[in-house]
There are 2 protein chains.
Amino acid sequence: MLAVVLRITEPVPSVLLWQRARDPHRGRWALPGGRLGPDEDVEASVRRHLAEKVDLAEVAHVEQLGVFSDPHRGPPPRRIATAFLGLVPTDADPTVPDDTAWHRVDRLPETAFDHGAITRDGLDRLRAKLSYTNIGFALAPDAFTVSELRDLYAAALGHRVSATNLQRVLTRRGVLVPTGETAAPGPAGGRPAAVFRFSEHGLRVTDPFAALRPPGEPAAETHPAPTRPGS
Amino acid sequence: MLAVVLRITEPVPSVLLWQRARDPHRGRWALPGGRLGPDEDVEASVRRHLAEKVDLAEVAHVEQLGVFSDPHRGPPPRRIATAFLGLVPTDADPTVPDDTAWHRVDRLPETAFDHGAITRDGLDRLRAKLSYTNIGFALAPDAFTVSELRDLYAAALGHRVSATNLQRVLTRRGVLVPTGETAAPGPAGGRPAAVFRFSEHGLRVTDPFAALRPPGEPAAETHPAPTRPGS
DNA sequence: TCAAAAGTGTTGCGCCTACACCCATGA
DNA sequence: TCATGGGTGTAGGCGCAACACTTTTGA
């Protein structure tokens, strides 16, 4: 059980790592994790081990990444790891143990075993899901402006993102809802920004693939239909 | 290690199952698989175990599905299974051992443990990937007409598919190439159909998601650009 | 000449990008 | 009033679904 726990720290995401105090790979940085217990499934196990490093309430989403089982992925004894992706919103700044720290994914220290490659797999998964799911709910604070959200997406994806189009894509999909409030402008002035929230806090596919859908269905209903037409 | 090996048998896909001769769950049907060996990774292991049931050369694609680890997914001792999806083209009709048979996924017999649920996961994965990858190469024979391919897709997806649009989608993506040959018409006559092949026999994402791409890139290059403009 | 099956032309729609333009604030 | 940042309007393009129409065969 290993977890790639990511949190967006602009301009680049960071991953939670702890420094090994013992051989093998003493001094190198490793992903949090541990052994599977006798009466838990892998999801419960990874949550239990994560609780030693961060406040679990701050981990907004967890999902399986895959199994890493190359017999030579580390020194003997042979270990098989089921890797997970965990996401922490930016407004939670967990206190972590002394041996544990956030590391920018573009400046990873020397990692233990194959944990560098697993981290890259986790980041790839996050980037893919940002495009076709509402997974941003697990990165963003409870309420935010579109500019703030754009910066989060840009940091996660590694390229610039247009606030204009981000807002339209996410509202069209029913992912974002306005709170009705506005944020105070910065010291340089400017129009106050509208404040939004994610409409749901569970993972949902918002962009089902266009091709090869069943005939006669115009497009999947990606968000609840309005109760009254015109309301 | 367990494998959901699927093969399209119109009008519905079938999955490879073997009948348990011993308790627990004697007489029920189970997915092929077995224990991980000391010096192999899970991919190698699932291939090794599959070789006991089918000719491995006929399994055109294998990928990880996920880990199933509910402590109560079966009677003690507790077992953790890494599940895989395997695909066999229709032109390969493997001979299988006496205890082993193909079963239509809409008429599964009583399955052992949670193997029914795992089978459904495998089918869901196949259906999703048919929409945005070239995974059809692992279902179709080496050469085929568009009508034959449409029937394969329709069986796999569980709904009707338009041959017209299937051809256009797959050729636009560079997935299908014409061999230049034509198939003989049926006894009722009709225009002879052009014969196609999949351009590649490795998995490739052909429909990267439209939203939130880097700015300035019109659309991902999904197939090799023509060597000379206009040719 | 007709039925059957394959393949192409064309229209319409939805989603996305890009960019021009308008709005609301602090100085 | 101007600079600054937020938000909307709109045009263009692309991919896909649907369906009419043409092509090529056997009887």
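For the stretch B:204-231, the candidate set comprises residues that are under 15 Å from residue B:170 (Cβ atoms) and modelled with pLDDT of 65 or more; within that set, the residue that is nearest to DNA strand C (Cβ to nearest atom) is B:207.
Could you tell me which of the residues B:37, B:66 is in a loop (DSSP other than H, G, I, E, B) and in contact with a helix residue (DSSP H, G or I) (Cβ under 9 Å, 6 or more places away or on another chain)?
Numbers: B:66 fails: in a loop (DSSP other than H, G, I, E, B).
None of the other options fit; the residue is B:37.
If we keep just the residues of the stretch B:130-139 that are touching a residue at least 40 places away in the same chain (Cβ under 8 Å) and surrounded by fewer than 21 Cβ atoms within 10 Å (Cβ to Cβ), which is farthest from DNA strand D (Cβ to nearest atom)? So the residue we want is B:133. Scanning the stretch A:152-163 for residues that are at the interface with chain B (Cβ under 9 Å from one of its Cβ atoms) and either in contact with a His (Cβ under 9 Å, 6 or more places away or on another chain) or crowded, with 17+ Cβ neighbours inside 10 Å (or both) returns A:153, A:157, A:161. Quick check on residue B:54: is it assigned to a loop (DSSP other than H, G, I, E, B), aliphatic (A, V, I, L, M), in contact (Cβ under 8 Å) with a residue 12 or more places away in the chain and out of contact with any helix residue (DSSP H, G or I) (no Cβ under 8 Å at 6 or more places or on another chain)? For residue B:54, the condition - assigned to a loop (DSSP other than H, G, I, E, B), aliphatic (A, V, I, L, M), in contact (Cβ under 8 Å) with a residue 12 or more places away in the chain and out of contact with any helix residue (DSSP H, G or I) (no Cβ under 8 Å at 6 or more places or on another chain) - is met. Quick check on the stretch B:140-151. Is at least one of its residues surrounded by 19 or more Cβ atoms within 10 Å (Cβ to Cβ), of a type in the set (Gly, Ala, Ser), part of a helix (DSSP H, G or I) and more than 10 Å from DNA strand C (Cβ to nearest atom)? Looking for residues that are surrounded by 19 or more Cβ atoms within 10 Å (Cβ to Cβ), of a type in the set (Gly, Ala, Ser), part of a helix (DSSP H, G or I) and more than 10 Å from DNA strand C (Cβ to nearest atom), one finds none in the stretch B:140-151, hence no. Within the stretch A:164-178, residues that are surrounded by 18 or more Cβ atoms within 10 Å (Cβ to Cβ) reach partners that are part of a helix (DSSP H, G or I) and among the aromatic types (Phe, Trp, Tyr) with beta carbons closer than 9 Å, at six or more positions or on different chains, in the pairs A:166/A:153; A:175/A:137. Considering B:47, B:120, the condition of being part of a helix (DSSP H, G or I), at pLDDT 95 or above, under 20 Å from residue B:13 (Cα atoms) and out of contact with any strand residue (DSSP E or B) (no Cβ under 6 Å at 6 or more places or on another chain) is satisfied by B:120 alone. Considering every residue within the stretch A:106-127, establish whether at least one is within 12 Å of another protein chain (Cβ to nearest Cβ), of a type in the set (Lys, Arg) and either more than 27 Å from residue B:1 (Cβ to Cβ) or in contact (Cβ under 8 Å) with a residue 60 or more places away in the chain (or both). Within the stretch A:106-127, one or more residues are within 12 Å of another protein chain (Cβ to nearest Cβ), of a type in the set (Lys, Arg) and either more than 27 Å from residue B:1 (Cβ to Cβ) or in contact (Cβ under 8 Å) with a residue 60 or more places away in the chain (or both). Residue pairs whose Cβ atoms lie under 8 Å apart, separated by 6 or more positions or on different chains, with the first residue in the stretch B:183-209 and within 14 Å of another protein chain (Cβ to nearest Cβ) and in a strand (DSSP E or B) and the second among the polar types (S, T, N, Q) and more than 10 Å from DNA strand D (Cβ to nearest atom), are B:205/B:133. The residues in the stretch B:25-51 that are more than 14 Å from chain A (Cβ to nearest Cβ) and either small (Gly, Ala, Ser) or without any contact (Cβ under 8 Å) to a residue 12 or more places away in the chain (or both) can be counted, and the count is 5. Here is the figure for the stretch B:164-182: residues that are part of a strand (DSSP E or B) and within 11 Å of DNA strand D (Cβ to nearest atom) total 1.
The values are calculated or read from the model by the stated rules, or taken from the named source; none is laboratory data. Because the structure is predicted, anything quoted here is derived from the model rather than measured. Neighbour counts are summed over all protein chains in view; Cβ atoms, including those assigned to glycine, are modelled from backbone coordinates with ideal geometry.
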